[in-house]
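Down below is the structure, laid out as structure tokens.
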Ligand SMILES: Nc1ncnc2c1ncn2[C@@H]1O[C@H](COP(=O)(O)OP(=O)(O)O)[C@@H](O)[C@H]1O
Ligand SMILES: Cc1ncsc1CCOP(=O)(O)O
Ligand SMILES: [Mg+2]
């Protein structure tokens, strides 16, 4: 086991800025603004295109797609499925955010349908990943009632079962493809007090997958961005409100030296 930043991470961060990938994000009403601004801050190009009349067509021109079930309704779900289907068909990476999947049967059915279209990465908090991996229900709505460190085995098993990368966020972020596992340390205790940073983490994973074919390395880079920027933003903020603004500034200011300060443990 080693504790070091992956050599791939700085080049992925730079590639997002240089290539400005078009990230289509079908996300919930709560997160649209912050997730789009997070993508802009790191140099990606967000497009919140969700309607089933156009989501599949748009997914064919996007560099990566995110699908987030945070505020679902039937027509939005149709749009999600069209986008996921199209992304899978043309080989565009797509990332699933199973918000509060343990909470209702409706959400579990949506996630089951979306998983048929083979996401590149599933990014959730520990309750969400445990809900998918073990079929356990509950959780605390969109928030987690479990620690990411308690979901490592479940995440590894899920990654193997789905042949995907699984990211479990929390105090530490666990990234696994079932054989390789990385734990990213950092961030700040105010992060869960700012809504939609999990949704934004999913958006960043999509942006990194657009420029890096190794989805595990792409996901590590996305988590490093938030961990480093979050830690720095916390040092100069008065509370969650100013933290939210400072986080955007710190994401935009990420450079090789700052990225290299990340603490990543691999096994
Ligand atoms: N207590 C914490 N300390 C540091 N970072 C945190 C903490 N809680 C969450 N984060 C970070 O906040 C982001 C969102 O994660 P999380 O809160 O687990 O997602 P969600 O909002 O989907 O539940 C991630 O980058 C994660 O690392
Ligand atoms: C509050 C809320 N309600 C439905 S979706 C949503 C946003 C959840 O965002 P995150 O999972 O990133 O905290
Ligand atoms: Mg979430």
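With r defined as the distance between the Cβ atoms of residue 185 and residue 245 and R0 fixed at 22 Å, what FRET efficiency is calculated, to the nearest 0.05?
Efficiency for this residue pair is about 0.40.
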Over the range 42-154, what is the relative contact order in percent, taking alpha-carbon pairs closer than 8 angstrom and at least six residues apart?
23
Sequence-separation-based contact order of the chain, relative, with Cα cut under 8 Å and 6+ spacing, percent:
23
Mind running the shape call on the chain? Use the C-alpha gyration tensor, a ≥ b ≥ c as the square roots of the eigenvalues: rounded below 1.5 for a/c, prolate if a/b tops b/c, oblate otherwise.
rounded
Applying the gyration tensor rule to the Cα atoms of the range 193-233 (axes a ≥ b ≥ c; rounded if a/c under 1.5, else prolate if a/b exceeds b/c, else oblate), the class is oblate
Stokes-Einstein D for the range 38-103, Kirkwood Rh over Cα pairs, 37 °C, 0.692 mPa s (µm²/s)
268
Give me 121, 211 ranked fewest to most by other Cβ atoms within 10 Å of their Cβ, as a rough exposure proxy.
211, 121
Any chance you could tell me what percent of the C-alpha pair distances in the range 1-137 go past 28 Å?
19
Over 23 Å [Cα-Cα, the range 136-267], rounded percent
30
So which residue, out of 207, 83, 133, gets the largest mean-square fluctuation from a GNM of the chain using Cα contacts under 10 Å as springs?
133
Give or take rounding to whole Å, what are the principal axis extents of the alpha carbon atoms in the range 101-192, in descending order?
34, 29, 17
Rounded to the nearest 500, what is the chain's calculated 222 nm mean residue ellipticity when only DSSP H runs of at least 4 contribute -39500 (n - 2.57) each, over all residues?
-15000 deg cm²/dmol
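Most exposed first by the Cβ proxy, i.e. fewest other Cβ within 10 Å, how do 95, 152, 111 rank?
Fewest-to-most Cβ neighbours within 10 Å comes out as 152, 111, 95.
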For the range 151-220, what class follows from the C-alpha gyration tensor (a ≥ b ≥ c being the square roots of its eigenvalues): rounded when a/c is under 1.5, otherwise prolate if a/b is larger than b/c, else oblate?
oblate
Any idea what the relative contact order of the range 212-267 is, in percent, if you count C-alpha pairs under 8 Å spaced at least 6 apart?
37
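Treat the count of other C-beta atoms within 10 Å as a stand-in for reagent exposure and order 48, 193, 225, 80 from fewest to most.
193, 48, 80, 225
Read-outs throughout are calculated quantities, based only on the coordinates presented, and are distinct from any laboratory measurement. In this text the structure is predicted, and so the values were computed from the model without any measurement. Quick reminder, even Gly has a Cβ in these numbers, built from the backbone with ideal geometry, and neighbours come from all protein chains shown.
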